[in-house]
Amino acid sequence: MFPLSTDEWLAIELSLRVAFWSVWFSLPFALFFAWLLARRNFFGKTLVDGLIHLPLVLPPVVIGYILLVMLGRKGLIGEWLYEALGVSVAFKWEGAAIASAVMGFPLMVRAIRLSLETVDQGLEKAARTLRAGPIRVFLTITLPLISPGILTGVVLGFARSLGEFGATITFVSNIPGETRTLPLALYTFTQVPGGDAMAMRLTVIAVVLALLSLFISEFLARRIRARLGG
Amino acid sequence: MLEVKIKGAIDQFEIDATFMTEAGTLTALFGRSGAGKTTIINMIAGLVKPRDGRIAIDNDVLFDSAHAIDQPPNKRGVGYIFQDNLLFPHLTVKGNLCYGQNLTPTADRYLDFDEMVELLGLKHLLSRRPSSLSGGEKKRVAVGRALLANPRALLMDEPLAGLDMARKDEILPFIEQIRQQVRLPIVYVSHDIDDVLRLSDQIALIDKGRTVLVGPAETVANHAEARLLLGQNNPSTIVSGTVISHDTTFGLTSLETQAGLIRVPGLKLPPGSPLRLRLNARNISIALSKPQDISVLNVLPGVIESIEKIDTSTVDVKIRLATQLTIDARITTLAHQNLNLAIGTSVFALIKSVAVDRF
C-alpha cells in the first residue's frame, strides 16, 4: 500500500482542498438561508425552499450542466466575469469547489435550519433585555446554541463534497492535478485496462478518509455537547 | 419613576394599561391567568410593541407613539426576570451573571458583582451549568443576571410560580431585600394574592388586558372589583400595621393596625416593622355587648354599615370600626335574626388571634 504515489497524494490533497473550500464558502450562505427559512415568513418562501433543495433531487449531471451554462467561460455570468475581471472557474479546482458547494448546500441548510428551530427564542429575547443588540445576540446566544447543527451541516457538506462526481465532471471536466478529485481518479482507473489495482488503492484511501472525517466530527460533537452542558 | 400608559391589541385582547411606579416601590400587576399581565411587561421591556401610548423612566422616554420613539430592548435598561428563567444553557452561572454586566458602560454600573453574588448566595455555584441547578437556584441566578445588567427598572414575571413552599421561602426574602437595597421601580406580575400582599406597595388590578384599579395594596385588595376577581367564597379584609411590642410570657405580638390594636401569636419582627394582616370574614364573630368570659383576644367596637345576604344560611355584615375602617364578618342568618342586627346597630367584632393571616 505504502508509499502513496504522487498522483495519489495529488488526488487526496485536491479532494480535501475542494471539500474544505466548498464547505467554508457555502457556510455563511447556508447560515443565512437557514435563518431566513426558520425565522422569517415572506412571499415566495416555498419557492426559495424548493430552489435550495433542487440539488438534492436533480441528477448531479444536470446541476453540473447548469453551472457550465452559467459559469463556463462562455456562460451567462462566466463570460462577464472573464471579460470584466479576468476570472474564470471553468476547468479549475475552484470550479470543482463551487460544484461541491452547490451539491452540499441543501444538506447544510437543512441541518442548520433544524437546530435553529429548536432554539428557544425566549433566550434571545432575554439577551436583548440584558443590553445585547441583535447581532451580538446572534453571535453569543444563537450561534453557540446551533453549533451542533452547524457541525452536522459541515460534516454532511464535507462528505457530499468528497463523494461528488457528476456535477464536477460535467462542469470542470477531469483534469489531473486540477479537477481530478478522488472519485474522478477512481473512475478514470476503472476506464483503463489494468487499472484495477490502482482503483482498489484509491478505494482504500477513500474509506480511510471517510472514517477519519467521522472520527473527527464525533470528537467535535462530544466537545460541543460538553460545552452546551447537555 | 416608571410611567406606563399603553394600548395595543394582542390576540383576542385589547391591552389598556396605565400606572406609575416610584423608585423603591413594587407594583404588582394582579389578575387571573391570561389577563394580559405578561403582555404588559413585555411591552415595557420592548419585546412587544404597543399600538400607542407612552412609557418612560424618569425623563427617558422608552416609547412614545406620538413622537415615533420606540427604543429597542437593549437600549431600555429594563431588567426582566422571566417566569421560566431563560438562563443561557451554554454559559456557566458566572457567564450568565456577567452577560449583562459586561455590556453595561462602566459609568452606569451601580451594582458590584461580588456583593450581588454574596447577597444571592451564588458563590459556590459560579462554575456550574444552569442545567445542574435546582429550581430555587435557577431563579436566584435569573434575579442576579437581570440586576447585574444594572437596570433602571425591574420586571418580574411570576417569579414564585411553579416553586413549592420551601423554594418560595428561599426566594421571597431576596425579593424583599432587593426592593429595599436596590431602589428601583419594580413591576411584579402575579396571580397569587398572598405573594402580592407580602411584597407589593401598590397593586394594579388587571382584567382582560385593562388596569381596572390602581392604588395602595390594601385599598385595591379590599375593593369590590378585586374581591370579584378573587371569588366571593372567602371574603376578607386586608389591613396594614406595625409591630408595637412583644409579650414574652405568652409569646404574643401587639400590632397597631388600621383596624385598631390587634394581638397575634408571636412574630419574629422588631418593633416598628410594617406588615399586613388578613382578617378573614369567616373568622370574625359579632357580639352586641363586650364579652367577658371569652378566649378571643381582639375585641373591636364598631357600627354595622350594611348587611348582605349571601345564601339562605349566611350573611355578610360590614362593620365600620372606630378607626373608620370597614371589615367584613360572615355569620349565619340565624345569628343575624337572634341578635336582631340592623344597619346602625353598635356591635363588637371578635377576631381570633390565631386565625389572623400575616404577610
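The values are calculated or read from the model by the stated rules, or taken from the named source; none is laboratory data. What you see is a predicted model, and the numbers here were worked out from it, not measured in a lab. Neighbour counts are summed over all protein chains in view; Cβ atoms, including those assigned to glycine, are modelled from backbone coordinates with ideal geometry.
If I filter the range B:54-74 down to residues being part of a helix (DSSP H, G or I) and of a type outside the set (Gly, Ala, Ser), which single residue comes out as surrounded by the fewest Cβ atoms within 10 Å (Cβ to Cβ)? So that I can check it myself, show each step before the final result.
Residues of the range B:54-74 that are part of a helix (DSSP H, G or I), as a first pass: B:65-67, B:73-74.
With of a type outside the set (Gly, Ala, Ser) added as a condition, the list becomes B:67, B:73-74.
Numbers: B:His67: 9, B:Pro73: 25, B:Asn74: 21.
Once the filter is applied, the top-ranked residue is B:His67.
Check B:Pro265 against each of (1) in the same structural domain as B:Val354 (by TED's automatic domain parsing); (2) out of contact with any helix residue (DSSP H, G or I) (no Cβ under 8 Å at 6 or more places or on another chain); (3) surrounded by fewer than 18 Cβ atoms within 10 Å (Cβ to Cβ) and name the one condition it does not meet.
The failed condition is (2).
Rundown of residues vs (1) crowded, with 17+ Cβ neighbours inside 10 Å; (2) farther than 22 Å from B:His246 by Cα, yes/no style:
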residue	(1), (2)
B:Leu269	no, no
B:Pro274	no, no
B:Leu277	yes, no
B:Ser289	no, yes
B:Pro301	no, yes
B:Asn338	no, yes
B:Leu341	yes, yes
B:Thr345	no, yes
B:Ile351	yes, no
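With respect to B:Gly77, is the statement that it is within 15 Å of A:Ala132 (Cα to Cα), buried (at least 16 other Cβ atoms within 10 Å of the Cβ), within 14 Å of chain A (Cβ to nearest Cβ) and at pLDDT below 95 true?
Numbers: within 15 Å of A:Ala132 (Cα to Cα): yes; buried (at least 16 other Cβ atoms within 10 Å of the Cβ): yes; within 14 Å of chain A (Cβ to nearest Cβ): yes; at pLDDT below 95: yes.
So B:Gly77 fits the description; yes.
Can you name every residue in the range B:236-258 that is at negative phi and assigned to a loop (DSSP other than H, G, I, E, B)? Steps first, please.
Within the range B:236-258, the subset at negative phi is B:236-250, B:252-258.
If the condition is that a residue be at negative phi and assigned to a loop (DSSP other than H, G, I, E, B), then B:Thr248, B:Thr249, B:Phe250, B:Gln258 are the ones that fit.
Residues that are touching a helix residue (DSSP H, G or I) at 6+ places or on another chain (Cβ under 8 Å), within 20 Å of B:Asp108 (Cβ to Cβ) and surrounded by fewer than 19 Cβ atoms within 10 Å (Cβ to Cβ): does the range B:32-53 have at least one?
No - not one qualifying residue is present in the range B:32-53.
Going by what's in this entry, would B:Thr38 be described as assigned to a strand (DSSP E or B), under 16 Å from B:Gly79 (Cα atoms), out of contact with any Cys (no Cβ under 8 Å at 6 or more places or on another chain) and not aliphatic (A, V, I, L, M)?
On the way: assigned to a strand (DSSP E or B): no; under 16 Å from B:Gly79 (Cα atoms): yes; out of contact with any Cys (no Cβ under 8 Å at 6 or more places or on another chain): yes; not aliphatic (A, V, I, L, M): yes.
Spelling it out, it is not the case that B:Thr38 is assigned to a strand (DSSP E or B), under 16 Å from B:Gly79 (Cα atoms), out of contact with any Cys (no Cβ under 8 Å at 6 or more places or on another chain) and not aliphatic (A, V, I, L, M).
Look at B:Lys49 and say whether it is in a loop (DSSP other than H, G, I, E, B) and not small (Gly, Ala, Ser). Give the steps one after another, and end with the answer.
On the way: in a loop (DSSP other than H, G, I, E, B): yes; not small (Gly, Ala, Ser): yes.
Taking the combined requirement at face value, the residue satisfies it.
Tell me, yes or no, whether the range A:66-76 has at least one residue that is under 18 Å from the mean Cα position of the chain (by Cα), assigned to a helix (DSSP H, G or I) and surrounded by fewer than 19 Cβ atoms within 10 Å (Cβ to Cβ).
Yes; the residues of the range A:66-76 include at least one that is under 18 Å from the mean Cα position of the chain (by Cα), assigned to a helix (DSSP H, G or I) and surrounded by fewer than 19 Cβ atoms within 10 Å (Cβ to Cβ).
Considering only residues of the range A:185-213 that are farther than 18 Å from A:Pro3 by Cα and in contact (Cβ under 8 Å) with a residue 24 or more places away in the chain, which is nearest to the other protein chains (Cβ to nearest Cβ)?
Once the filter is applied, the top-ranked residue is A:Ser213.
Could you please let me know if B:Val48 is within 14 Å of chain A (Cβ to nearest Cβ) and in contact with a strand residue (DSSP E or B) (Cβ under 9 Å, 6 or more places away or on another chain)?
Working: within 14 Å of chain A (Cβ to nearest Cβ): yes; in contact with a strand residue (DSSP E or B) (Cβ under 9 Å, 6 or more places away or on another chain): yes.
It is true that B:Val48 is within 14 Å of chain A (Cβ to nearest Cβ) and in contact with a strand residue (DSSP E or B) (Cβ under 9 Å, 6 or more places away or on another chain).
Identify, from the list A:Ala132, A:Ala126, A:Ala101, A:Ala90, the residue that is surrounded by 21 or more Cβ atoms within 10 Å (Cβ to Cβ) and not in a helix (DSSP H, G or I). Talk me through it step by step, then tell me what you get.
Working: A:Ala126 fails: not in a helix (DSSP H, G or I); A:Ala101 fails: not in a helix (DSSP H, G or I); A:Ala90 fails: surrounded by 21 or more Cβ atoms within 10 Å (Cβ to Cβ).
Matching residue, one of A:Ala132, A:Ala126, A:Ala101, A:Ala90: A:Ala132.
If I filter the range A:122-155 down to residues being in contact (Cβ under 8 Å) with a residue 24 or more places away in the chain and under 25 Å from B:Thr38 (Cβ atoms), which single residue comes out as farthest from the other protein chains (Cβ to nearest Cβ)? Steps first, please.
Within the range A:122-155, the subset in contact (Cβ under 8 Å) with a residue 24 or more places away in the chain is A:142, A:144-155.
Narrowing the set further to residues that are under 25 Å from B:Thr38 (Cβ atoms) leaves A:142, A:145.
Working: A:Thr142: 10, A:Leu145: 6 Å.
This residue is A:Thr142.
Quick one: which of A:Phe158, A:Phe171 is away from chain B (no Cβ under 13 Å), farther than 30 Å from A:Ala226 by Cα and in contact with a helix residue (DSSP H, G or I) (Cβ under 8 Å, 6 or more places away or on another chain)? Before you say what the answer is, go through the steps one by one.
Working: A:Phe158 fails: farther than 30 Å from A:Ala226 by Cα.
It is A:Phe171.
Tell me, which strands (runs of 3 or more DSSP E) wholly within the range B:172-235 include 1 or more residues that are under 26 Å from B:Arg145 (Cα atoms)? Outline the logic, then answer.
On the way: elements: B:186-190, B:202-207, B:210-216.
Ranges flagged: B:186-190, B:202-207.
Could you list, in sequence order, the residues of the range B:131-150 that are within 11 Å of another protein chain (Cβ to nearest Cβ) and either without any contact (Cβ under 8 Å) to a residue 60 or more places away in the chain or among the hydroxyl-bearing types (Ser, Thr, Tyr) (or both)?
If we filter the range B:131-150 for residues that are within 11 Å of another protein chain (Cβ to nearest Cβ), which is where we start, we get B:131-133, B:142, B:145-150.
Residues satisfying the conditions are B:Ser131, B:Ser132, B:Leu133, B:Arg145, B:Leu148.
Among the residues of the range B:53-73, how many are without any contact (Cβ under 8 Å) to a residue 24 or more places away in the chain and within 14 Å of chain A (Cβ to nearest Cβ)?
1
Which condition breaks for B:Gln101 when tested against (1) out of contact with any Phe, Trp or Tyr (no Cβ under 7 Å at 6 or more places or on another chain); (2) assigned to a helix (DSSP H, G or I)?
Only one criterion in (1) out of contact with any Phe, Trp or Tyr (no Cβ under 7 Å at 6 or more places or on another chain); (2) assigned to a helix (DSSP H, G or I) is unmet by B:Gln101, namely (1).
Looking only at the range B:94-112, decide whether some residue is more than 9 Å from chain A (Cβ to nearest Cβ) and among the small types (Gly, Ala, Ser).
The answer is yes; a qualifying residue exists.
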